1. All other residues with a Cβ under 13 Å from the Cβ of Ala204 taken together, and with Lys, Arg as +1 and Asp, Glu as -1, what is their net charge?
2. Using the per-residue mean of other Cβ atoms lying within 10 Å as a proxy for protection, in what order, highest first, do the peptides 158-171, 271-284, 99-112 fall?
3. For the pair Val179/Leu471, report the inter-label distance in nm, with labels modelled 7 Å from Cα in the Cβ direction.
4. State the percent of C-alpha pairs, over all pairs in region 249-341, separated by a distance greater than 15 angstrom.
5. Quick one: in region 237-392, what % of C-alpha pairs are over 23 Å apart?
6. Can you pull a Stokes-Einstein diffusion coefficient for region 172-321 at 37 °C (0.692 mPa s), Rh from Kirkwood over Cα pairs, as a whole number of µm²/s?
7. Assigning unit charges at the beta carbon (Lys, Arg +1; Asp, Glu -1) and nothing else, what dipole magnitude in debye, to the nearest 20, does region 211-280 show about its Cα centre?
8. Simple spin-label model, 7 Å along Cα-to-Cβ: Thr233 to Arg272 in nm?
Amino acid sequence: MRPPAARRRPTEALRAAAPAGPSALRVKSPDVLIAESGADREGHGLKRTMGLFQLVCFGIGAIVGTGIFVGLSDTVAQAGPAVIVSFVLAAVTCVFTAFSFAELGGAIPVSGSSYSYAYATLGERTAFLVGWCLLLEYGISVSAVAVGWGQYLNELLGSLTGWQLPAALSSPPGDGGIVNIPAVVVMLLAALLLVRGIRESARATAAMAVLKIAILILFCGIACTAFRAGNLTPFAPEGIAGITSGASLAFFSYIGFDAITTAGEEVKNPRRNIPLAIMICIGVVTVLYCLVAVGAIGALSAGQVAGRPAALSLIVNRVTESAFGGGVIAFGAVVAIASVVLAVMYGQTRILMSMSRDGLIPRVFERISPRTSTPVAGTWIVAVAFAVPAAVVPLDVVMNLTTIGTLSIMAVVNVSVMVLRRTRPDLPRRFRVPLFPLSPVLGIAFCGYLIYGTGPVTWLEFAGFLAVGALVYARYGRRHSRLGTTPRTPAGDAPETGQVSGGTAADARRG
């Protein structure tokens with residue numbers, strides 16, 4: 001039996017949470033978030049078509065890609081054979097935060113992910129800045145993912161035909177490239193699939209997730225046949241500093257697991273399936289990454305792997321003394337990276353849709369096509385906007401900025417779960433963070449530790465990015481916020497129209 005808050009009709013829930021106080025501190029009740037999204041009813045625009053298996057595949061599809069296929073060599077360059085420790089350290093950081101995402105995703109099953117959680121606990125300005133940082137985690141990271149796609153596409157073309165695209169048109173700037181055409185192509189293809197409908201996108205993501213897991217397992221099997229224990233010494237040539245820097249880079253390989261929470265309005269039984277899918281994804285990916293790292297360093301020395309593009313294909317070519325094996329790995333990487341582009345772009349469009357409902361960004365992002373039940377206009381805007389950095393921005397710059405933005409968001413999520421436990425202990429929760437409050441506190445500490453490892457240059461770049469976000473909120477978001485413009489009755493209740501922060505789902509469809 002649902003608790004009373006969950007049984008409220010949408011308009012009743014909206015009336016129960018009229019804003020109060022300074023705009024920066026206004027919070028939106030979880031009841032309002034759920035009522036606006038239609039998470040407890042059908043016919044709200046988005047359709048519930050994803051089951052647990054598809055959701056797990058979607059999560060793996062969002063995680064496994066550029067970080068392991070392309071970024072492994074950069075992580076090895078920092079940590080040496082201790083890259084294994086770096087991956088474990090990054091995984092531990094994710095596990096603590098994954099607990100918080102799992103509890104919040106089950107308690108507030110909406111599309112806004114960490115943006116919505118911050119809105120429900122820490123206030124509007126913090127929520128906007130979280131949404132601003134999500135542009136890094138989802139928007140800019142999809143650019144980084146797309147950049148890596150061209151490297152493996154060339155590897156695949158070379159193994160099949162002996163011909164490759166010119167480096168000037170297929171590599172990132174700083175690595176011999178001028179404009180990365182494949183990066184733009186894969187983003188436009190992903191957008192085309194996304195606007196066709198979530199059912200088609202989920203099926204494609206599931207198929208690609210299964211394929212890339214099989215490819216990575218194949219890589220581990222091949223690499224282990226050439227394993228040499230001597231390649232693991234010296235184990236940590238750069239000491240703790242190298243392991244920390246390596247962990248900050250390795251963390252990029254885990255970015256995307258929280259994309260599961262962006263599917264809150266399109267998942268069957270979200271209160272159960274979202275927490276379960278997050279835990280399964282983190283477990284599978286961590287084991288897989290550690291096996292790949294051990295296999296890679298065991299087959300070739302750290303010096304041979306460090307800084308090499310398409311490192312996994314290189315290792316298989318050396319071990320098998322044939323280009324065929326490397327071509328198979330390259331094919332897996334092309335599929336894997338394409339699936340990440342698809343899943344992460346999906347997450348970005350759903351977060352922008354939530355922010356648009358609240359009036360913090362233009363309403364075009366909340367419009368849902370009645371034919372495909374997808375935000376068509378928002379999807380194409382995201383694809384075009386982030387294809388530009390994918391084409392012309394160096395990969396290392398994108399990766400570092402994405403990492404620090406994601407770590408900051410995760411720290412906020414850990415804070416949010418503690419605040420929500422205090423302010424809404426009555427909220428239904430299918431999953432609860434274990435060892436509370438120690439787990440979220442450790443999550444914050446580990447996030448801070450990895451942020452430290454990104455370096456002063458990245459700190460300054462991120463500070464500038466946040467300053468721009470704060471200015472955008474002050475000039476646009478605060479003035480257009482629907483939570484801030486809600487008409488108030490003398491008793492403090494919203495009027496019968498229910499126009500609180502973004503309107504109802506029907507209003508969103510009319511927009």
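What follows is calculated from the coordinates using simple rules that are stated; it is not laboratory data. Predicted model only: the values in this text are computed from it and were never measured. Reconstructed Cβ throughout: ideal geometry from the backbone, glycine too, with neighbour counts over all protein chains shown.
1. Neighbourhood net charge equals +3.
2. Details: 158-171: 14.8, 271-284: 21.8, 99-112: 28.0.
Per-residue mean Cβ counts within 10 Å order the peptides as 99-112, 271-284, 158-171.
3. Each label point lies 7 Å from its Cα, and together they span 2.9 nm.
4. 70
5. 55
6. 179
7. 240
8. Going from the Thr233 label point to the Arg272 one covers 5.3 nm.
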